[in-house]
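Student: Here it is: the structure, laid out below.
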Amino acid sequence: MNRLLLSIAAMALSSLTVAPAAARNYDCTKAGNANKAVCKAAAASASTPAAAPAAKPASATRNYDCSKAGNANKSVCKAAASTVAPAPATKAAPAPRNYDCSKPGNANKAVCKAAASAAAPSPAPSAKPTRNYDCSKAGNANKAVCKGTATTSTASTQPSSAPSQPSARPATPIATRKPAAGSPTAKCKDGTVSYSATHSGTCSHHGGVANWY
């Protein structure tokens, strides 16, 4: 009997178990709610940094067939073309052409003209013709030609200031004054002979008498 009563009491108590109260919402922005367990848990979860999103894997490089016209504007094909394209070769200077300058048809060629100008002697400067002036006219007195003519004519009309020196007598003995008859009477000091009939004045212009004959 007692066991029956105890089992009935236990069943009654289990049916009377109080259901848990519903969670209460607090306004965690208010200072008075900062110490509530719910607000503390929310603050702790907010302070924890969120995990960084996983890096997006790099897309694989796409290969294009650059030989196709539709792919010519693709950046990969442009880069490949600029790398492969060789630099333009420098154009070589043309070799000078030789012309036969003796032919009339080649006379106007630059090479033949240069050769002809180098071979041709430079012309001598032509002398300036002398102008003749009538120096008798008063207006031409100051001309250089007339001045030179006047100076020349003046010099030719002036007498010479230095007297003319007598010509030296020849040193060789001469006997040009030999009279018609007779022999020389004296020998002068300059080597000449005298036919003077008297001693007075004999050899007076020939340095005197050297000896008498």
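Coordinate-derived values only; no laboratory data. As the structure is a computational prediction, the values presented were derived from the model and not from experiment. So basically every Cβ, Gly included, is an ideal-geometry build from the backbone, and we count neighbours across all protein chains shown.
Student: All other residues with a Cβ under 13 Å from the Cβ of ASN71 taken together, and with Lys, Arg as +1 and Asp, Glu as -1, what is their net charge?
Tutor: +3
Student: Right, next: Check cross-link reach from LYS189 to the lysines: straight Cα distance under 30 Å, and skip same-chain residues fewer than eight apart.
Tutor: Excluding near neighbours in sequence, the set is LYS178.
Student: Taking θ as phi - 60°, what are the ³J(HN,Hα) couplings along the range 99-112 by the Karplus curve (6.51, -1.76, 1.60), each to the nearest whole Hz, with x for Gly and Pro?
Tutor: 10, 7, 6, 7, 7, x, x, 9, 5, 8, 5, 4, 5, 5
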